[in-house]
1. Take the alpha-carbon positions of the stretch 1-114, form their convex hull, and give its projected area averaged over all directions (one quarter of the hull surface) in nm².
2. Starting from the exponent 0.38 and prefactor 2.2 Å, build the expected Rg for the stretch 119-289 from its residue count and divide its actual Cα Rg by it.
3. Equivalent-ellipsoid semi-axes (√(5λ), Cα gyration tensor) for the stretch 120-159, whole Å, largest first?
């Protein structure tokens, strides 16, 4: 059980801001000093543990430079034999709790959280709630008792661990209540959340971008189905609801959640926020605030009150960066935060603090440095954006590359409803083609002709793919409706859990492509 944050009880706004957001005022040199001090403490903590010895070896690095030169870069495969079985005997500290990822690789990545690191994770989320609702430096609008609508996977998923830990530190009113949330089906959660919002409103929303859009659409449908006779059940909303319903009918526009509720902040995680940003803002009337989290690390970076780019926190993990040109090397070199350059992309490498196990760990994420400091806010720390997963990048040429976000954006912008898709590079005589295997929603399949104009703009780094088609021609294969559903059902039958069925869309393996074609029950129709 975590202790309550007493600063919130005292309502000392200045001290709350300094504790949770004060790092934004750190000079870059001081940021690096904090990182190096915590790293040396971490080496002392883990070097003598069985798992630490496996990674570090028998000698203990005596400096940051020695640590970076002697310790190899690692991946989850180096830890999986121990963490998959939740072996606490190999760890430096006994875990306070365990969390895991959604299992994109076909298995869960189990992560042991020490009590101190779990505290840091919750500190990070408190910071996120403060900054998401702040319009200026020093403004604190997140308070105990805030009404927070949640959409997350239950414990031991990292989202569930965050929701419960945050409630212990800064007690809030969860929508739906936490004590029953994990036992409810999605339909029940949405129904209860809608009724609770009608009865008392909402201050904050915490969830994934795509689900926030889906919830907003569902609430819009429910609002439009309400009759005026039902208004007496919600006296606090009677006037606003009646006025909004009349206005929507007169203007022949849909009634949106933002017509009824004013949300202070919408906190979200995920690389697809840029796709759903307009819908979330239109539906809820508040700009979404995206934070950078990883189960193996905790909170990594988040925007300031100005909401321009994300800024790393110095307290979660020691940060190193592999320049893009080094990523193909057998032993890629890394740089520190004070060595990154504006406009360049880097793969991020992290070393846990506070007795956590991961050392020089490749999360698999690529970030881009958008500016080294912000003159308007006078924040003297680099600002970054999340670009893609490292394994979701298709390199077409030295200056032309694609990631999942860019393809999703192009499909979404086309206006045609898509069930799912997979993209791979295929080799034919004398050239390489990008092959998009696409399943449309059945109701739209016969309404649109798939042609080169279907994806009018696929923006790559280096230009528009369709304008540079000679570099890598695009080929589209339509899959019969229901193909992906059958594919996932087949994986479930082979023992994969539902949470482990996330599609491998970019660089899809040929085994997956062959199975999709087999399940489509038709000869694919290729269109250039």
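Bear in mind these aren't lab numbers, they're just calculated from the coordinates by the rules spelled out. What you see is a predicted model; the values in this text were computed from it and never measured.
1. Values: hull surface 39.8 nm².
In nm², the orientation-averaged hull projection of the stretch 1-114 is 10.0.
2. Working: Rg = 16.1 Å, N = 171, 2.2 N^0.38 = 15.5 Å.
This ratio for the stretch 119-289 stands at 1.03.
3. Numbers: eigenvalues 99, 30, 14 Å².
Equivalent ellipsoid semi-axes, largest first: 22, 12, 8 Å.
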